[in-house]
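The values are calculated or read from the model by the stated rules, or taken from the named source; none is laboratory data. What you are looking at is a predicted structure, and each value in this text was computed from that prediction instead of being measured. Cβ placement follows ideal geometry from the backbone for every residue including glycine, while neighbour counts extend to all protein chains displayed.
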Amino acid sequence: MSPELALKLISIFEGYFTIDEFRELVTLFDVKLETLDDFEPKWLPIARELITKLEHGNSRRLLDSLLDFADSRNTDRIAHTSWERQEFHLNMASVIQEAQKLLEASAAPSEITVAAGNVFSAKSKVRELLETATGEVFIVDPYVGVGTLDCLRNVTFPIRLLTGNHQNSVEPDFDRAIAAFTIEGHQLQVRRAQQLHDRHIIFNDRCWLVGGSLKDAGKKPFNCIEIVDKAAVVANLEANWQTGTSYP
């Protein structure tokens, strides 16, 4: 959690939203904040919980919109408020801008694009994305190998890896690589399923569609884009996991 961002959010929320209005906006984005259910909600725990859940579901989109909304209100009040309050809003303009910069710097990307021939850069970008996980990571890739595990090496949470059931879906000696991977402390389950076509990365209640297998990331143009309307996609992948067979 970014303490600097949390402190700025407290003053922004207090200056530009009522609790009831904030609650309606949170509901609109289908985000669940337990602190809003308190008898007398306070901005500090609300800001802290929102940042803690920043990479879950629509939380980041919610916070982006809240800051944009606060910025719009700030501009309006600078232009139309009394001179006694104008100084407050002038000072808050920089607070809002700094909060937006902090939020942007902490972002788990919604899209990754790397040109062909940049294997190191592609895998580094994937590792950076996965390092933002705050819980289990679910990878779906019809073709896996040592390069897949290289992308996953910095994940500290349990990993589920679902791959294809074709003869060439798994590289030779992949079971040996799995053994070395787990000896280093990684928690990994691998299953195989039929009729896998696309590649996905799922964690923090978010889902990305990957254009190529992680094991070959960067050998060809590499693209990874977030799926916002993900419910049906994730449900289908979970069904494939449930019917898959364990490997090795």
Any chance you could count how many residues in the stretch 184-214 are of a type in the set (Gly, Ala, Ser) and within 14 Å of PHE157 (Cβ to Cβ)?
1
Would it be correct to say that ASN223 is in a strand (DSSP E or B), modelled with pLDDT under 95 and not hydrophobic (A, V, I, L, M, F, W, C)?
yes
Residues satisfying the stated conditions in the stretch 154-187, i.e. surrounded by 15 or more Cβ atoms within 10 Å (Cβ to Cβ) and touching a helix residue (DSSP H, G or I) at 6+ places or on another chain (Cβ under 6 Å)
VAL155, LEU162, ALA177, PHE181
Filter result (touching a strand residue (DSSP E or B) at 6+ places or on another chain (Cβ under 8 Å) and part of a helix (DSSP H, G or I)) within the stretch 111-148:
VAL119, SER121, ALA122, LYS123, LYS125, VAL126, LEU129, LEU130, GLY147, THR148
Qualifying residue in the stretch 38-55 (condition: crowded, with 17+ Cβ neighbours inside 10 Å, in contact (Cβ under 8 Å) with a residue 60 or more places away in the chain and either outside the structural domain of THR132 (by TED's automatic domain parsing) or touching an Asp or Glu at 6+ places or on another chain (Cβ under 8 Å) (or both)):
yes
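Listed here are the residues, each with its yes/no results for (1) closer than 30 Å to HIS200 by Cα; (2) surrounded by fewer than 18 Cβ atoms within 10 Å (Cβ to Cβ); (3) at pLDDT 90 or above.
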| residue | (1), (2), (3) |
| --- | --- |
| LEU5 | no, no, yes |
| LEU9 | no, no, yes |
| ILE19 | no, yes, yes |
| ARG60 | yes, no, no |
| ALA70 | no, no, yes |
| HIS80 | no, yes, yes |
Could you say whether any residue in the stretch 201-214 is in the same structural domain as ARG127 (by TED's automatic domain parsing), touching a helix residue (DSSP H, G or I) at 6+ places or on another chain (Cβ under 8 Å), under 15 Å from ALA122 (Cβ atoms) and in a helix (DSSP H, G or I)?
yes
